[in-house]
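Before any comments, here is the structure.
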Amino acid sequence: MQVSNVAVVGAGTMGASIAVALAMRGYPVIVKEATDELLEKGLANIEKLNKKRIEKGGNPEHIQEERNRIEGTTSYAKFADIDLVIEAVPENIDIKRSVFEDLDEYTNVNAILASNTSSLPITQIGAFTRRPDKVVGLHFFNPAHLMRLVEVIPGLETSTDTVETCLQFAQSLDKLAVRVDECASFLVNRLLGRYMNEALFCLQEGLAGIEEIDNAAREFVVPVGPLALRDMNGADIGLAVAKFNYQEYGERFTPPAILSEMVDANMLGRKTGAGFYLYDEKSGQKQGPNPRVAELLKSLKTEKKSDSFKVERLFLPMINEAFIALQERVCAAEDLDPALMAGLGMRRGPLTIAADIGLKECLEMLEDLHKTYGERFRPAPLLKRHVWARRLSVL
Ligand SMILES: NC(=O)c1ccc[n+]([C@@H]2O[C@H](COP(=O)([O-])OP(=O)(O)OC[C@H]3O[C@@H](n4cnc5c(N)ncnc54)[C@H](O)[C@@H]3O)[C@@H](O)[C@H]2O)c1
């Protein structure tokens with residue numbers, strides 16, 4: 001199916017940047033908001049993104065042409081001719097239900113209904129409609145007009161046609177489109193969660209300080225250290241995601257205690273001016289590490305079980321989770337590293353890092369850590385099988 005007309009429902013953080021991404025590639029876009037006031041706000045979000053693009057050297061005329069392709073509305077009146085709707089309303093299953101019921105009513109029966117949800121099950125969302133074969137996850141990363149990755153997630157009833165159309169559509173936006181099987185947090189955020197937790201566990205145990213962890217991770221492979229990233233996204237969001245992953249995957253995703261301590265102390269990161277780092281009130285610029293974190297850490301009295309900090313330790317849970325995901329056939333092996341690189345800006349993906357460290361060495365490290373720390377380092381059976389087969393890499 002050829003996608004020509006696209007609509008976005010919700011023009012908040014994601015909806016606005018998705019609309020910009022679509023208009024940048026020549027698509028006419030209808031953006032729907034809930035009320036006139038919210039629509040005004042949503043369109044202002046789009047203007048803000050475009051203003052930033054101009055400040056960064058974008059051509060004002062081209063950007064205005066793109067802006068002209070976006071039309072705001074508060075009704076579904078023009079949805080009859082839409083081929084693909086991308087829903088980006090708040091992450092709440094009741095709100096999603098009401099929007100998908102409306103979409104099912106007001107779009108033509110052939111239209112694909114995609115959700116940008118980060119965590120809600122696509123199969124459940126599909127069941128809100130009479131066309132679950134045409135409901136799919138289209139997971140953009142923030143900001144959608146700059147981030148290259150789109151995860152395409154079929155629910156249980158999603159048709160192959162729908163998936164193929166969405167993969168091609170995402171490619172037409174110049175994105176890396178990766179098919180990801182439905183699982184909690186999908187691929188990239190699932191693997192990210194393991195690494196973010198481990199950074200906090202290392203800090204909690206007193207193996208390394210805030211800057212030491214962030215600098216080591218940056219030098220190793222990521223553009224922003226995990227604690228600085230936690231501050232950007234907010235400890236409250238981080239805690240909700242960590243709890244959700246724990247609920248879905250169990251013990252290996254146990255949230256580190258420091259995270260709820262940070263939330264209780266209102267040290268949420270950039271948005272409260274203090275997280276793992278302090279932020280200048282006026283400029284928002286990152287200052288040094290926040291000394292209050294040390295007090296919280298002291299109160300947790302975590303037993304130190306390792307002698308030293310090695311940067312590889314941060315990435316071992318991510319590598320192990322990558323093997324578990326491959327075992328579950330969540331994505332094709334060749335898609336995994338490119339997805340992590342495009343989604344998180346990593347310079348090497350976890351499978352390449354594993355091969356660089358040595359699969360055998362990874363397994364030995366995991367086995368040692370498993371003895372000391374238990375479940376969160378239990379080696380993935382697929383990793384063991386690669387080592388038994390004397391394979392040097394997955395790819
Ligand atoms: N923020 C992120 O970094 C991020 C990244 C990837 C995916 N997501 C997912 O994208 C979705 C949207 O997240 P967000 O951060 O943009 O949320 P947001 O709160 O910034 O925006 C949601 C928008 O939806 C609008 N809305 C609510 N009900 C509506 C309705 N019935 N019709 C039209 N508009 C309606 C709201 O007015 C608001 O502007 C969520 O499912 C979230 O999990 C978010």
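Laid out as a table, the results:
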| item | result |
| --- | --- |
| Estimated FRET transfer efficiency (Arg67, Gln171; beta-carbon r; R0 22 Å; 0.05) | 0.40 |
| For the chain, share of DSSP beta bridges that run antiparallel, in % to the nearest 5 | 30 percent |
| Hz values of 3J(HN,Hα) by residue in segment 143-151 - Karplus curve (6.51, -1.76, 1.60), Gly and Pro given as x | x, 5, 7, 10, 7, 7, 8, 10, 8 |
| Inter-centroid distance (Cα atoms) of segment 198-220 relative to segment 43-84, Å | 40 Å |
| Those lysines that a straight Cα-Cα span of less than 24 Å connects to Lys310, excepting residues fewer than 8 apart in one chain | Lys298, Lys301, Lys360, Lys371, Lys384 |
| Extension gain (nm, one decimal) between Glu164 and Ser393, 0.36 nm per residue minus Cα-Cα | 79.5 nm |
| Label-point separation in nm, Ser260 to Lys243, each point 7 Å along Cα→Cβ | 0.8 nm |
| Residues Glu55, Glu105, Glu66, Glu261 arranged by fewest to most Cβ contacts within 10 Å | Glu55, Glu105, Glu261, Glu66 |
| Within a Gaussian network of the chain (alpha carbon springs, distance under 10 Å), most fluctuating of Ala19, Ala240, Ala342 | Ala240 |
| Which of Ser299, Ser393 has the fewest Cβ neighbours within 10 Å, and the rest in rising order | Ser299, Ser393 |
| 5 angstrom amide H check on Leu138, placed H, neighbours 5+ away | Ser115, Asn116, Thr117, Ile153 |
| DSSP bridge orientation in segment 108-245 - percent antiparallel, rounded to nearest 5 | 40 percent |
| Filter on Lys96/Lys282; Lys52/Lys134; Lys48/Lys78; Lys78/Lys134 - keep pairs with C-alpha separation over 28 Å | Lys96/Lys282; Lys52/Lys134 |
| Cα centroid of segment 169-196 to Cα centroid of segment 268-286, whole Å | 29 Å |
| Rounded if a/c under 1.5, otherwise prolate or oblate - the chain, Cα gyration tensor axes | prolate |
| Whichever aspartates and glutamates have a C-alpha closer than 16 Å to that of Lys271, once near sequence neighbours (fewer than 8 apart) are set aside | Asp231, Asp236, Asp280, Glu281 |
| Residue-span extension gain [Arg347 to Lys78] - 0.36 nm each, minus C-alpha spacing | 92.5 nm |
| Exposure proxy order (Cβ contacts within 10 Å, fewest to most) of Phe315, Phe253, Phe309 | Phe309, Phe253, Phe315 |
| Cut-off 11 Å, label 7 Å out along Cα→Cβ of Lys52, residues of segment 6-35 by amide N | 13-14, 17 |
| Computed lengthening from Asp368 to Gln285, 0.36 nm per intervening residue step minus Cα-Cα distance | 25.9 nm |
| Whether segment 278-395 is rounded, prolate or oblate, judged on the alpha carbon gyration tensor where a/c under 1.5 counts as rounded | oblate |
| Residue with peak Gaussian network fluctuation, the chain [Cα springs, cutoff 10 Å], from Glu361, Glu303, Glu212 | Glu303 |
| Cα gyration tensor shape of segment 188-300, rounded if a/c is under 1.5, else prolate or oblate by comparing a/b with b/c | rounded |
| Candidates Val109, Val180, Val163: whichever shows maximal mean-square fluctuation once the chain is modelled as a Gaussian network with Cα springs under 10 Å | Val109 |
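Here, each number is a calculation from the coordinates, and none is a lab measurement. All values reported here derive from a predicted model rather than from experimental measurement. Counting neighbours? That spans all protein chains shown, and the Cβs are built from the backbone with ideal geometry, glycine included.
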